[in-house]
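Only the coordinates and a few stated rules stand behind these numbers; no lab work does. Predicted model, so just to flag it, every value in this text is computed and none were measured. When we count neighbours, we look across all protein chains shown, and the Cβ atoms used for this are built from the backbone with ideal geometry, even at glycine.
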């Protein structure tokens with residue numbers, strides 16, 4: 001092979017290398033572009049941050065810390081909220097799909113106009129263990145049609161839960177527990193279409209009719225209704241139809257009678273608590289099964 005042929009081969013390989021490198025750079029640039037969050041969502045997050053103060057008494061968890069404190073306070077072209085603490089983005093669209101601000105020392109009132117409700121692509125929202133100062137759960141919750149996971153537990157909400165929460169057709173996990181000032185009737189879900197698998201209402205003041213509640217949720221795997229002042233005697237037979245149940249907590253309520261035999265139908269059950277059901281049959285000896 002002559003010198004000119006060697007030179008030609010070298011040049012060809014060099015051009016090929018540049019071509020491959022160019023495409024790698026372009027591909028990485030496109031990926032960076034698609035995974036960067038959107039300007040309107042950055043704005044919504046920063047406004048949400050500014051609508052609350054950090055109060056260390058607002059969270060009881062030992063590992064609590066102010067997640068929003070690390071969020072960028074200035075909005076600029078290099079801001080990417082996808083890297084912010086507690087924020088999850090769709091890797092393809094860049095939209096914010098998850099927000100986990102549990103135990104973040106958030107204190108303040110949350111109203112229906114809060115910028116949070118502009119994050120319309122949310123699939124998961126966790127605001128547990130904060131202090132929302134007896135706010136009502138806003139009707140704007142309907143702005144999250146793709147929401148699958150919602151945790152508002154132990155966050156000082158009060159009043160009636162809006163009907164709109166029952167219209168979240170993709171919701172599979174709902175936790176409103178440890179909000180003793182939540183009152184009124186729990187919203188009725190569509191029994192034929194609700195995919196709800198986990199429902200936690202313990203230590204609330206809802207007016208709960210257990211028979212009516214469970215008929216809405218054929219797919220339920222977890223039901224937590226301890227300390228809800230439920231008074232039904234005997235336990236509703238329909239409870240035995242929840243054959244997917246793995247976790248059932250009925251403790252600290254006001255049931256009468258014997259432990260019903262239909263509970264044996266719950267073959268998937270791994271946890272059952274009837275603790276402090278003092279009016280059950282005296283044949284009951286152990287508080288937890």
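Suppose R0 equals 30 Å. What FRET efficiency, 1/(1 + (r/R0)^6) with r the Cβ-Cβ distance, do residue 192 and residue 50 give to the nearest 0.05? Once rounded, the FRET efficiency stands at 0.10. When the alpha carbon gyration tensor of segment 3-273 is reduced to an equivalent ellipsoid, its three semi-axes come out at 47, 25, 15 angstrom, largest first. As a calculated quantity, the FRET efficiency between residue 72 and residue 261 at R0 = 51 Å, using C-beta atoms, amounts to about 0.30. If you take the Cα centroid of segment 238-253 and the Cα centroid of segment 110-148, the two points sit 28 Å apart. Between residue 111 and residue 91, the contour length at 0.36 nm per residue exceeds the Cα-Cα span by 4.2 nm. Here each label is just a point 7 Å from Cα along the line to Cβ, and for residue 254 and residue 183 those points are 1.6 nm apart.
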